[in-house]
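So the structure is just underneath, and the comments pick up after that.
The values are calculated or read from the model by the stated rules, or taken from the named source; none is laboratory data. The structure displayed is predicted, hence computed values, not measured ones. Methodologically, a virtual Cβ is constructed for each residue, glycine included, from the backbone with ideal geometry; neighbour enumeration extends over all protein chains shown.
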Amino acid sequence: MRRVVFNQKGGVGKSTITTNLAAIAAQQGQRVLLIDLDRQANATRYLLGDEAPPEGTGSAAFFEDSLKFSVRATKPTEFITETPFENLHLMPASGTLDELHSKLESRHKIYKLRDALDALGDDYDQVWIDTPPALNFYTRSALIASHGCLIPFDCDEFARRALYELMENVQEIQADHNEALQVEGIVVNQFQPRASLPQRTVQALIDEGLPVLQPYLGSSVKVKESHERALPLVHLEPNHPLTQAYLQLYAGLA
């Protein structure tokens, strides 16, 4: 199963959601690959901390290699590195992704990620892809390569209005490039159950028939602590209420 976590709005928790769900899958015995396509590399730092990825690995190296003509195709595994967590591998990100963007678009390399994941075959049970906050080449590549799409939503009115355009964009990719792509659901993040506005905003999505997933993910200082310590929540504090919410969310997707 390949999943992309995507929202064109920044600050909605894409990297946190992607990394924590991937870590749960690996902790439960699945062979997992996380691909970081965001030049900010938040998911990469979340798993590796201050440790630099090995030279020549990463999504930027993978895409740069796709621009070269070579009789011998480089195996996708050469761009993947191990993490400190059992069963969890990473294709890390870097700022070089920005430099490659225009070249990749002009050379029509939009299917390279899909082809690479096809070439991996049964090496991984699950692939999770973190995307930048934009519908750019990398996000389109991820949507084309994936089976499922999760959309983080932070209970903001502007985010609700942007959600409709986002859903249309995903449907367009589905129609033109990837019939297998499905929106698995909207992940409500940073939810404040005692505040009326988040409740009304989420209820409006439900009333409109949009696929809002349960449970909602609340806010906690534990998230910042897990970022600082480079420990996903399931490894930092398994019994914390937010960790339990992530576990329930994952169980609903599995």
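Inspect all residues belonging to region 215-226 and state whether any of them is farther than 21 Å from D156 by Cβ, among the acidic types (D, E) and out of contact with any Pro (no Cβ under 7 Å at 6 or more places or on another chain). Yes, the conditions are met somewhere in region 215-226. Elements of the type helices (runs of 4 or more DSSP H) sitting completely within region 1-89 and holding at least 2 residues that are of a type in the set (F, W, Y) and farther than 24 Å from S219 by Cβ: these cover 59-66. Of the residues making up region 230-242, those that are more than 19 Å from N42 (Cα to Cα) and free of Cβ contacts under 8 Å to residues at least 12 places away in the same chain are P238, N239.
Checking N20, N7 one by one, the residue that is out of contact with any strand residue (DSSP E or B) (no Cβ under 9 Å at 6 or more places or on another chain), more than 21 Å from L104 (Cβ to Cβ) and either touching a residue at least 12 places away in the same chain (Cβ under 8 Å) or not small (G, A, S) (or both) is N20 and no other. Among residues of region 114-149 being of a type in the set (D, E, K, R) and farther than 15 Å from H89 by Cβ, the one that is surrounded by the most Cβ atoms within 10 Å (Cβ to Cβ) is R140. The residue that is farthest from Q126 (Cα to Cα), counting only those in region 86-96 that are surrounded by 15 or more Cβ atoms within 10 Å (Cβ to Cβ) and modelled with pLDDT of 95 or more, is A93.
Taking Y164 as the residue in question, decide whether it is modelled with pLDDT under 90 and of a type in the set (S, T, Y). Steps first, please.
Values: modelled with pLDDT under 90: yes; of a type in the set (S, T, Y): yes.
So Y164 fits the description; yes.
Among the residues making up region 97-138, none is over 15 Å from the mean Cα position of the chain (by Cα), of a type in the set (S, T, N, Q) and either closer than 29 Å to G49 by Cβ or at pLDDT 95 or above (or both).
Rundown of residues vs (1) touching a strand residue (DSSP E or B) at 6+ places or on another chain (Cβ under 8 Å); (2) at pLDDT below 95, yes/no style:
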{"position": "R2", "(1), (2)": "yes, no"}
{"position": "G29", "(1), (2)": "no, no"}
{"position": "R72", "(1), (2)": "no, yes"}
{"position": "F79", "(1), (2)": "yes, no"}
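Contact annotation: residue pairs with Cβ atoms under 8 Å, 6 or more positions apart or on different chains, pairing a residue in region 207-225 that is outside any loop (DSSP other than H, G, I, E, B) and of a type in the set (D, E) with a partner that is surrounded by 13 or more Cβ atoms within 10 Å (Cβ to Cβ) and modelled with pLDDT of 95 or more, are E225/L236.
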